[in-house]
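Computed from the coordinates by the stated procedures, all read-outs in this text should not be read as laboratory data. Predicted model only: the values in this text are computed from it and were never measured.
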Amino acid sequence: MIKSMTGYGVGSHENAKVKYTVEIKSLNSKFLELGIRLPKAVSDKELTLRGECSKLIERGKVNVLISSEYADQTAKASSINRELLKKYYNQLKDIAAQLGEDQTGLFNLALSMPEVIANNEDEVDEEEGKVLLNAFYQAVESFTGFRMDEGKVLKNDLEKRVALILDYLGQVEAVEGDRIPLIRERLSQYMDEAVGKENIDKNRFEQEIIFYIDKLDITEEKVRLRSHCNYFLEALNAADSNGKKLGFISQEMGREINTLGSKANNANIQQIVVRMKEELEKIKEQLLNVL
């Protein structure tokens, strides 16, 4: 079953101390382009999360947003080093008095001095790390479900377009019956008008006709195109189906369609080939969003 590269998922988990919420969004991309925003307190978990994203998400332009909410809102609040603040403030006042400078604003200046305000965002304990990972895995599960639902829509559309190409191939076979006899008749008429019937070497002319018609034969192209279409549908329904493999098969389908059009030498067939190409382009556009 194919999956879409577009996805969205949210997960949350909590204990008595903290609640973590993880939101995952993705768009299509050839590779994994991963952006993670997480609280400073859990910055040491970023490498772990990146490794899990690489395994579980695989490809896409992915944004992971992590937020935390503590039961005790003061647990991670900043604290002021009172003694250090007093020391800075008194030193600044003494220097200002000695220099005869205005002492307005010295308190704010003292607050901005190094290590006066300390952030209490220490590394989280093991239990809090488990809460974060549980929220992350819930988000991934929701995200994967979204991708699979989108994949079903893509699968139905791709099957419909391949069926149209096979239908057009049937139309080619329906109109090509008179193609070779018409080419033979046109060439014979041209030779009669150009050199006259009595001046034509019948054996040589027949050999040249056979050689020319053989070059215009599209039997192999029809067989290969039908085979590629069936293989595409088979790969589309395989357990290990992926956008890259389907993309390679669509390229082979395109080669056969192009060759069929160039060898057709028939206006009706060439019009049908144009419609085949339109459907193939739509298939390629859809495959850009397949994981």
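Which of (i) -0.35; (ii) -0.31; (iii) -0.62 is the computed log10 I(q)/I(0) by the Debye sum over Cα atoms at q = 0.08 Å⁻¹ for the structure on display?
Given (i) -0.35; (ii) -0.31; (iii) -0.62, the calculated one carries the label (iii).
Nearest 10 degrees is fine. How inclined is helix 126-175 to the longest principal axis of the chain, computing both from alpha carbons?
Helix 126-175 sits at roughly 10 degrees to that axis.
Relative contact order for the chain: what percent, with Cα pairs under 8 Å and sequence separation of 6 or more? Display every interim value, and only then the final one.
Working: 383 pairs, mean separation 77.4, N = 291.
Relative contact order, the chain: 27 percent.
Would you calculate a helix-derived [θ] at 222 nm for the chain, using -39,500 (n - 2.57) for each DSSP H run of n ≥ 4 and dividing by the full residue count, to the nearest 500? Present the calculation step by step, with values, prior to reporting the outcome.
On the way: 9 runs with 178 residues, N = 291.
Using -39500 (n - 2.57) per qualifying helix, the result is -21000 deg cm²/dmol.
Enter the angle in degrees (range 0 to 90, nearest 10) between the Cα long axis of helix 267-287 and the first principal axis of the Cα atoms of the chain, meaning the one along which they spread out most.
The helix 267-287 is inclined about 20 degrees to the chain.
What relative contact order, as a whole-number percentage, does segment 1-96 give when Cα pairs under 8 Å and 6 or more residues apart are counted? It would help to have the intermediate numbers written out before the result.
Numbers: 124 pairs, mean separation 30.0, N = 96.
The normalised contact order for segment 1-96 reaches 31 percent.
Which angle between 0 and 90 degrees, to the nearest 10, do you get for helix 179-195 versus the longest principal axis of the chain when only C-alpha atoms count?
Tilt relative to the chain: about 60 degrees.
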